[in-house]
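Note sheet for the following structure.
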Amino acid sequence: MYDPINNLHGERKDIAILNSQIVPLSAIRKEHNAKIIDASNLVVMPGGVDMHAHIAGPKVNAGRLLRPEDHLLIHSKKTAATRSGVGRSVPSTYYTGYAYAKLGYTCAMEPAMPPLEARHTHEELMDIPIIDKGAYTLLGSNWFLLERIKEMNLNEMSAFVSWLLEASGGYTIKLVNPGGEETWAWGKNINNLDDKVAYFKATPREIIQKLARVNEQLNLPHTIHLHTNNLGTPGNFEITKETMRSLKEVPLSKKHKTNVHITHVQFSSYGGRGWQDFRSEAVEIAHYINKNKHVSCDIGQIIFTNTTTMTADGAWEWVLRGITEHLAWSPRSGSKWMNAQVELESCAGVVPYIFRRKNSVNAVQWAIGLEFLLSMKDLTRVSISTDHPNGGPFTFYPLILSWLMSKTARKEMLAKVDKAAQERTTIADITRELTLSEIVQVSRASAATLLGLESKGHLGVGADADVAIYDFKVPLETLATNYRAIEKGFADARYTIKEGQIVYSNGRVIASPTGKTFRVKAQVPEDWRLQIQDAIEERFLKHYTVSLNNYAVQPEYFPREEVIETQML
Amino acid sequence: MPTVKLVIKEPLEKPKIPIEAEIISPDKFVKKTLAEIGELSVWKGNREMALRELFHLSGDDFLGDEIADISILLEGNLAKLKRVGQQMTGGTIIINSSIGMHVGFQMKGGRIVVNGDADDFAGANMKGGELHITGNAGHYLGGSVRGDWRGMSGGKIHVKGSVKNECGVWMRNGLIEIGKNAGIFLGMHLHRGIIIVNGNVIERAGAEMTGGIIVIKGTLKELLPSFEFQRTVPELTLPDYEVIKQPFIEYKGDFAEKKQGLLYVAKEKNAHLL
């Protein structure tokens, strides 16, 4: 049993599950008529938690529409317990749930929900079976905030954020290229933390700092979830560092040990001045995070595969589309793509992309994700991710785990990729191999802790009975040299148990229950909300195409929910 | 040569429901006995059926270990039989009838002969091998399936009759030769590869092509305005193809895209373009 939160590192131990929770062994009585799963010689760990995967919402759907070829040959039949499903990088909703269950994952978060599209996002989340889920509300370019960022006081901002999180059924504050989304609506982008957002007085620095303060004041379960400015461009490690530095002084709430989560940090750790001298600065970023405890991150590992990039960073997707004009796999006139704007709130872009081993930039990108994670001293502040489907579909997590656990696996891959990966990163020198305990840490425990989900990511008494049982078929001490067994083992859980119910076993989904939606209700004093009420009403009357009354997501969208209520301190 | 013959049991009425028959391929029949092949399943609409329920099977009892040796013979009314020979890597499929959509989809090797007409998407996303159609072919011959920007990337397609619209759409490599006429949007989005039409084309040949070569030996009634006259050539030499000994007019295009495509039309039949 591997459960680092409860200090279990491969001990032989029994656990008891009653209803949906893990209980002390003594709580099980004869009349419960308990089913016994013999997991001897198997590896037991908490169900996986994915803190960043684009699995639902308008841009995922746009990806599905844009890429029928992604659905063509990957499909699963309906069975007694499941519906049919299709897709690979942009799978259909039901299939997403089954695919997670197969990997032993029981929780995943959709990280970019424009409030205006919250209904769409929750409609899809409702349809994703088995896993627990939630969605992060996009706040990086909200007009209401951009207009008032200078004069509004923190209390009013907190009131607004708390209202918007509640109205959209969101989980945390997501910032994507803060200010850049709005600037992109005017055909421009932001390159500097102190650039003015088009036609507004706000700057990215102010947006990030103030919303981080709001987050800590509201005492939200997770920190701000930040997709940095200039993401994807060479040399962006400087703005990433500056962003982190600018948040150093933001006081932490009692709940948090960190005040910012830099998401898919791989895409934000680039050095060089252009694609020619593109190189890794992962060590530099990892060094900062090792030294400064206020930052957490997920890696955004890339996989050499055909995938679909999608982000609320529309400006970056435009740049990426331009890049595809020069890539052999793409049409000479560039890849197909789509771009969208969400009125007053956000924007989005979708571009199909194929990561190639022989492409020097892709090779360096591949190395950066691993280099970064393996350079992290404190694994409780880092989680794996592929930024599904941007770096690759989440179904490749087992492959990432094999790279992390085995230097042989990395070495063999390194031999197959462009030599730039050796020359412009330190991946070749890294000998660290994560243990199974550390794997549990970076694939479950960290994500759950960072998200503030106390019932996830561990197997202690009181935790949700989300358990993944794997069979590696080789002695565990030989896993590092037997990396294919790691990948195979993690790719197909022997048992996945979700809230006490076996949902996947022996290669088949056998039950398809509805998971919970996590959402946040952040309490603020009533009069704070009253202060901004008029302004919100006016905003909707004048500028939104929907009325305020039709804006908030109603309770029907949460057939099963867990509302996390937070109190200000 | 081990052979299996599949004759479709004559339907009482005209078949309406498509049969997804990607299982009919030498790759799937290899190392199997006739009885085992009969048990392979196909989907007819939403019903899963065994091959033996749909076909009379005859031929060798065991098909051997070599894909390349296998020969499959198909007969009967096959208009709704889709995806025959999908992803096949070797062997031969001979179809003595007209065949439904997606024949030879993504095929990598071997040979398919259709002694009849082929429906839409014949040879779509083909990677290698040969596809011969003695009748006519539908839309998207040698093209790409919906959404894919990488169509046929190798192999040869030969059609004795005519083809409908968007022949060779998104083609990346290989050769398509058409005995008679082609519909509109011939070679749309062509990236690389050669399309030769022995008959006539009405209009919009080479729309948005960014590379590759289109040769029209008949009349092109109307040329897209985004093509630019280059020169006339007395004869045409194409890579991996015999010299075509007749004068052609050479155009470059499509100027709405990357202008690297070449369009040749026979000089004597297209005086109206000059």
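The values are calculated or read from the model by the stated rules, or taken from the named source; none is laboratory data. In this text, all values refer to a predicted model and were calculated from it rather than measured experimentally. Ideal geometry is used to build each Cβ from the backbone, glycine not excepted, and the neighbour counts take in all protein chains shown.
Tabulated values for the structure
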read-out	value
So residue A:340, is it closer than 30 Å to residue A:543 by Cα, touching a strand residue (DSSP E or B) at 6+ places or on another chain (Cβ under 6 Å) and crowded, with 22+ Cβ neighbours inside 10 Å	no
Answer residue from the range B:157-182, given it is surrounded by fewer than 20 Cβ atoms within 10 Å (Cβ to Cβ) and either of a type in the set (Val, Ile, Thr) or within 10 Å of the chain's Cα centre (by Cα) (or both) and is farthest from residue B:113 (Cα to Cα) among those	B:177
Wholly within the range A:412-489, helices (runs of 4 or more DSSP H) carrying at least 1 residues that are buried (at least 24 other Cβ atoms within 10 Å of the Cβ) and either out of contact with any helix residue (DSSP H, G or I) (no Cβ under 7 Å at 6 or more places or on another chain) or not aliphatic (A, V, I, L, M) (or both)	A:446-451
Positions within the range B:122-132 being within 14 Å of another protein chain (Cβ to nearest Cβ) and surrounded by fewer than 24 Cβ atoms within 10 Å (Cβ to Cβ), in sequence order	B:127
Among the candidates A:516, A:498, A:521, A:542, residue that is among the basic types (Lys, Arg), on the phi < 0 side of the Ramachandran plot, under 30 Å from the mean Cα position of the chain (by Cα) and loosely packed, with under 15 Cβ neighbours inside 10 Å	A:521
Residue count, the range A:120-156 (criterion: at pLDDT below 95 and over 16 Å from residue A:344 (Cα atoms))	7
So residue B:220, is it of a type in the set (A, V, I, L, M, F, W, C) and either more than 20 Å from the chain's Cα centre (by Cα) or farther than 23 Å from residue B:120 by Cβ (or both)	yes
Per-region count, the range B:194-206, residues surrounded by 23 or more Cβ atoms within 10 Å (Cβ to Cβ) and of a type outside the set (Val, Ile, Thr)	2
Residue within the range B:152-163 that is assigned to a strand (DSSP E or B) and within 14 Å of chain A (Cβ to nearest Cβ) present	yes
Residue in the range A:101-118 that is hydroxyl-bearing (Ser, Thr, Tyr) and under 16 Å from residue A:394 (Cα atoms) present	yes
Listing of strands (runs of 3 or more DSSP E) fully contained in the range A:262-372 that carry 1 or more residues being under 19 Å from residue A:387 (Cβ atoms) and among the acidic types (Asp, Glu)	A:295-298
Those strands (runs of 3 or more DSSP E) lying entirely in the range A:13-56 with at least 3 residues touching an Asp or Glu at 6+ places or on another chain (Cβ under 8 Å)	A:43-46
Residue list for the range A:328-371, restricted to those being away from chain B (no Cβ under 14 Å) and within 20 Å of residue A:68 (Cβ to Cβ)	A:339, A:340, A:348, A:349
Whichever residue in the range B:66-96 is more than 14 Å from residue B:54 (Cβ to Cβ) and in contact with a Leu (Cβ under 6 Å, 6 or more places away or on another chain) and, among such residues, is surrounded by the most Cβ atoms within 10 Å (Cβ to Cβ)	B:70
Test: residue in the range A:379-394 that is part of a helix (DSSP H, G or I) and farther than 29 Å from residue A:97 by Cβ	no
Residue A:193 vs. criteria touching a residue at least 40 places away in the same chain (Cβ under 8 Å) and within 22 Å of residue A:134 (Cβ to Cβ)	no
Count of the range B:133-151 residues which are surrounded by 18 or more Cβ atoms within 10 Å (Cβ to Cβ) and either more than 14 Å from chain A (Cβ to nearest Cβ) or part of a strand (DSSP E or B) (or both)	7
Answer from A:256, A:326, A:294, A:261 - the residue that is at pLDDT below 95, of a type outside the set (Lys, Arg) and under 22 Å from the mean Cα position of the chain (by Cα)	A:256
Test: residue in the range A:177-198 that is closer than 25 Å to residue A:548 by Cα and basic (Lys, Arg)	no
Given (1) out of contact with any Ser or Thr (no Cβ under 9 Å at 6 or more places or on another chain); (2) acidic (Asp, Glu); (3) within 30 Å of residue A:215 (Cβ to Cβ), index of the condition residue A:492 fails	(3)
Candidate set: the range A:63-90, residues that are touching a residue at least 40 places away in the same chain (Cβ under 8 Å) and surrounded by 20 or more Cβ atoms within 10 Å (Cβ to Cβ); chosen: the one farthest from the chain's Cα centre (by Cα)	A:82
Of the criteria (1) buried (at least 20 other Cβ atoms within 10 Å of the Cβ); (2) within 14 Å of another protein chain (Cβ to nearest Cβ); (3) not aromatic (Phe, Trp, Tyr), which one residue A:53 fails	(2)
Every residue from the range A:465-484 that is in contact with a Pro (Cβ under 9 Å, 6 or more places away or on another chain) and at pLDDT 95 or above	A:466, A:467, A:468
Subset tally (residues that are hydrophobic (A, V, I, L, M, F, W, C) and in a loop (DSSP other than H, G, I, E, B)) for the range A:524-569	7
Residue that is nearest to residue A:505 (Cα to Cα), among those in the range A:28-42 that are surrounded by 10 or more Cβ atoms within 10 Å (Cβ to Cβ) and of a type in the set (Gly, Ala, Ser)	A:39
Which listed residue is away from chain A (no Cβ under 14 Å), surrounded by 21 or more Cβ atoms within 10 Å (Cβ to Cβ) and in contact (Cβ under 8 Å) with a residue 24 or more places away in the chain, from B:227, B:185	B:227
Residues of the range A:131-190 that turn out to be acidic (Asp, Glu), farther than 21 Å from residue A:203 by Cβ and crowded, with 24+ Cβ neighbours inside 10 Å, as a count	1
Hits in the range B:63-116 - residues which are over 17 Å from residue B:18 (Cβ atoms) and among the basic types (Lys, Arg)	B:108, B:111
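Yes/no per residue for (1) without any contact (Cβ under 8 Å) to a residue 60 or more places away in the chain; (2) out of contact with any strand residue (DSSP E or B) (no Cβ under 8 Å at 6 or more places or on another chain):
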| residue | (1), (2) |
| --- | --- |
| A:106 | no, no |
| A:121 | no, no |
| A:131 | no, no |
| A:138 | no, no |
| A:149 | no, yes |
| A:159 | no, yes |
| A:170 | no, no |
| A:173 | yes, no |
| A:177 | no, no |
